[in-house]
Amino acid sequence: MPNTHTFDNEFQHRLGVLGLGEGRSILSAAQGSSRWCVTCVCDLSEALCVARQREFDLECERTTDYTKMLSRDDVDVIGVFTPDDIHVEHIMMALEAGKHVVCTKPVVDNLSRGTELLAAQQRSGCQVFVGHSYRFFQTFLREREDFEKGVHGDLISCEACYNGDKRKGSAGARGKKGEVNWLYSGLGHAVDLVYWYLGAIDTVSGFSKLSNAGRKLGSEFADCFQFVLQSEQGVLGQASGIYGAPRAHPKAAPVAGCTLRGDFATTTATNPTFDYFTMIDGHAPTCETYVDDGGFYFRWGGSGYHAGEFQNYLEHFAQCLETGDRHSPNLSDGLYVIAILEAMERSLETGLPCRVDTILEERNLLSLKEVIAK
Ligand SMILES: NC(=O)c1ccc[n+]([C@@H]2O[C@H](COP(=O)([O-])OP(=O)(O)OC[C@H]3O[C@@H](n4cnc5c(N)ncnc54)[C@H](O)[C@@H]3O)[C@@H](O)[C@H]2O)c1
């Protein structure tokens, strides 16, 4: 998988972007790639459309009406960057209009329309890429490369986290009103990383807490989580996410991290600190650092937007559209992650471990297990 790049390519995928908050990152990503061109932007706010067009010097069409963007012949792919709870509607509409989809994570915030979504995708013949962006950060790509080379031997455990200081809510209006469910919107990042390495999950169990800051925002959802998981192969997993406290000191713990422990090696990828640590039998400990890539990944300073990760995933998706290879994560992977999160919710409600198959069975989605990435 590539990291920093601009390719000369005969294909150009014409992108319409829906939702221009974090959608800013996909505009920058598309602009940085010769495989993509933005042909339309859409947001309920006309002012935001105009502002983004100015920011990126885009001479494309703009509209506040999603159906208008869908009716355009010069849009092949829709980038869905609206709030989590309306992704499902927006993906369905795109598929019905015969467009491929890049949907930011989480692909949906519950599985009530999971079978409907899969059927719509199959009917359309179009592809849906799910933007679990941390997979596409430099250190996480590096760790994956070692994993695929077999450096770890058999995996024993994968421990992933995504923490964030959301005490004042997130950037969007819903976050400020405490309406974001951080299990799906936040912990989902860590759960996707565990799924990426462990594949099908047998059982999950965990605890949650609503922080004082979350309560002050009026949130009805917990915003702090610690979970353990076990794969169907018996590998152990851990996923944690705390959204009601300050971030840890960057030298003490990453915002997002993934530690893999296997027979012969333990490795840790960090974000946004760009460090990749290895302890490999027969080798000295290493710390590779990729700070020089900071400008590619974080284009507006800080670490609040994910343009570099989005550019890496756009390149991957474009390449798969061109070759017909399986892209990852696809709709099945995205939905399987939601099944794990629903099992976590069930475990919180009952105080008992929950099998992921129980959720898949209830949602009539057991067939997902045949098509998820192994
Ligand atoms: N690492 C990542 O991949 C990452 C990071 C941040 C946010 N996200 C995801 O991106 C999505 C958006 O988050 P955000 O922080 O930008 O939220 P936001 O509320 O700031 O932006 C959403 C935008 O969608 C627009 N919108 C809503 N309904 C619309 C409609 N029917 N038609 C046109 N426009 C519509 C809103 O006007 C708003 O500008 C969420 O799903 C979030 O989880 C992903």
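The values are calculated or read from the model by the stated rules, or taken from the named source; none is laboratory data. From a predicted model like this one, the values you see are computed outputs, not experimental measurements. Note: ideal-geometry Cβ built from the backbone for every residue, glycine included; neighbour counts use all protein chains shown. Side chains included, ligands, DNA and RNA excluded: accessible areas come from the protein's heavy atoms. Shrake-Rupley method; radii C 1.70, N 1.55, O 1.52, S 1.80 Å.
Tabulated data for the structure shown
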item	result
Selected residue [more than 14 Å from the chain's Cα centre (by Cα), open to solvent by 10 Å² or more (accessible area, probe 1.4 Å) and within 23 Å of Phe136 (Cα to Cα)] from Thr259, Thr350	Thr259
Condition met for Leu58 (at pLDDT 95 or above, open to solvent by less than 50 Å² (accessible area, probe 1.4 Å), more than 15 Å from the ligand (Cβ to nearest atom) and assigned to a helix (DSSP H, G or I))	no
Considering residues of the stretch 106-133 that are among the hydroxyl-bearing types (Ser, Thr, Tyr) and open to solvent by 10 Å² or more (accessible area, probe 1.4 Å) only, the residue farthest from Ile359 (Cα to Cα)	Ser124
Residue in the stretch 134-143 that is among the polar types (S, T, N, Q) and in contact with a Lys or Arg (Cβ under 9 Å, 6 or more places away or on another chain) present	no
Residue tally, condition in contact (Cβ under 8 Å) with a residue 24 or more places away in the chain and open to solvent by 40 Å² or more (accessible area, probe 1.4 Å), over the stretch 61-84	7
From Thr289, Thr267, Thr278, residue being β-branched (Val, Ile, Thr), buried (at least 22 other Cβ atoms within 10 Å of the Cβ) and away from the ligand (no atom under 16 Å from the Cβ)	Thr267
Members of the stretch 153-205 that are near the ligand (Cβ under 10 Å from one of its atoms), part of a helix (DSSP H, G or I) and of a type in the set (A, V, I, L, M)	Ala173
Residues of the stretch 19-42 that turn out to be open to solvent by 30 Å² or more (accessible area, probe 1.4 Å) and within 12 Å of the ligand (Cβ to nearest atom), as a count	3
Test: His87 is surrounded by 18 or more Cβ atoms within 10 Å (Cβ to Cβ) and either of a type in the set (S, T, N, Q) or not in a loop (DSSP other than H, G, I, E, B) (or both)	yes
Flag for Ala200 being open to solvent by 10 Å² or more (accessible area, probe 1.4 Å), on the phi < 0 side of the Ramachandran plot and either touching an Asp or Glu at 6+ places or on another chain (Cβ under 8 Å) or outside the structural domain of Thr358 (by TED's automatic domain parsing) (or both)	yes
Every residue from the stretch 61-78 that is within 20 Å of Ala29 (Cβ to Cβ) and within 13 Å of the ligand (Cβ to nearest atom)	Arg62, Met69, Ile78
